[in-house]
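Worksheet for the structure shown next.
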Amino acid sequence: MRAIEWDGKKFKLLDQTKLPESVEYIITDDYRVIIEAIKHLSVRGAPAIGIAAAFALAFASMRIKANAPKQYLRELENIAREIESARPTAVNLRWAIQRLLKLAHALQDVKSIPAILLDEAERIRREDIEMCKQIGIKGAGLLPESGGVITHCNTGALATGDHGTAQSVIVTAIKQGKKLHVYVDETRPLLQGARLTMFELQARGVETILITDNAAAFVMTQGKANLVITGADRIAANGDTANKIGTYGLAVLAKYHGIPFYIAAPTSTIDLDCPDGSTIPIEMRDPKEVTRPFGVQIAPDGVDVYSPAFDITPNELITAIITEHGVISPPYKENLKNQTAAGKVKQPV
Ligand code: MRU
């Protein structure tokens, strides 16, 4: 099941807020509707919101009335800023928008811009599908022949163009014959693990065990987990990584219990403009998602809530980063730069 579908006529977003209860789609070519879908997590996951954002800008470009290039591009840039600000942490959103804007600026004839931007949005979607497939192929060798894997949030097809990031690695390893079972953190407060990862892995026939987020430490101390693997929303130049809140805690636990902690992400998630994790903006979510999740009141009204959507895992806790090009080992500052510059990584020895 894909998060985003485009057949050249109809643009469909799977409304992930409705899963796993019902499968419903948002069908639209209105960029404002796509912005709302990103804000409310109907479409979510770093690569998927990058793709959705690219289509949003392409659709918006069709409705700009101005004919003069300067005016047209000014309006396009204003809309781009609006889309970019929908969610601040996942860099894929900005990356996709900047890619389209650069293309628009290079064109002389404004009338040609909409069709070219739409083609580019589709190219980003297709490239992401291929990158995620490659992440699985490049990372599967890191996983043991058998054992338990802990994962957090949702990193499957639903979070990307298809295949997923961390989930692509797990599923590829299982397809290769490895006997793995997956402990899925439910992922408070919005339960992307329970609702989405369980839904996807169950459909793929993967042996899964749902755990509450705070059970991970006990699972590790019992020797049930051989590794942790998650996705990323932004990887800074030194390897510090933003991902769903709770990821950092898992990395600390993995270090304490002596098991590897891997990050899997396409290179579109690497942001060399951020020198380290302290410069990654962290999105704060509506307190109601904590006090009244899914319409059920679990804390009194009016309490103070602190709800960061993501946290930062420092690079020294990350055993390796898997991208579509291969496995990157520390030192990340040097190796991430080499990879994004050359599209190649040094394989670990
Ligand atoms: O708030 P979400 O559901 O968009 O958060 C998603 C994650 O944190 C994923 O782990 C991340 O985007 C990487 S998986 C493609």
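State the dimensionless ratio Rg/Rh of region 73-180 (Rg: radius of gyration of Cα atoms; Rh: Kirkwood radius). Before the final figure, lay out each step's value.
Details: Rg = 18.2 Å, Rh = 16.0 Å.
Here the Rg-to-Rh quotient is 1.13.
Computed on region 4-133, the Cα convex hull volume stands at 99 Å³ per residue. Span-like helix check, the chain: qualifying full DSSP H segments, with Cα axial length of 20 Å or more and mean Kyte-Doolittle of 0.0 or more, are 46-63, 91-106. Ranked by the mean number of other Cβ atoms within 10 Å per residue, highest first, peptides 304-314, 55-65 order as 55-65, 304-314.
Each listed q (0.07 Å⁻¹) maps to a log10 I(q)/I(0) for the chain from the Debye sum over equal C-alpha point scatterers, namely -0.28. When the alpha carbon gyration tensor of region 250-339 is reduced to an equivalent ellipsoid, the three semi-axes, largest first, read 33, 16, 12 Å.
With neighbours defined as other Cβ atoms within 10 Å of a residue's Cβ, the residues VAL91, VAL33 order from fewest to most as VAL33, VAL91.
Exposure proxy ranking for VAL43, VAL219, based on other Cβ atoms within 10 angstrom of each Cβ and starting from the fewest, stands as VAL219, VAL43. Within region 9-41, the trypsin sites (Lys or Arg not before Pro) that combine a DSSP coil assignment with at most 12 other C-beta atoms in a 10 angstrom radius are LYS9, LYS10.
Shape class of region 135-341 from the alpha-carbon gyration tensor: oblate, with a/c at 1.5 or above and b/c at least as large as a/b. Using a simple spin-label model with pseudo-atoms 7 Å out from Cα toward Cβ, LYS288 and ALA68 lie 4.3 nm apart.
Between LYS12 and LYS111, residue separation times 0.36 nm minus the direct Cα-Cα distance comes to 33.1 nm.
Every number in this text was worked out from the coordinates using simple rules, so none of it is lab data. Being a predicted model, the structure only gives us computed values, none of them experimental. Backbone-built Cβ (ideal geometry, glycine too); neighbour counts: all protein chains shown.
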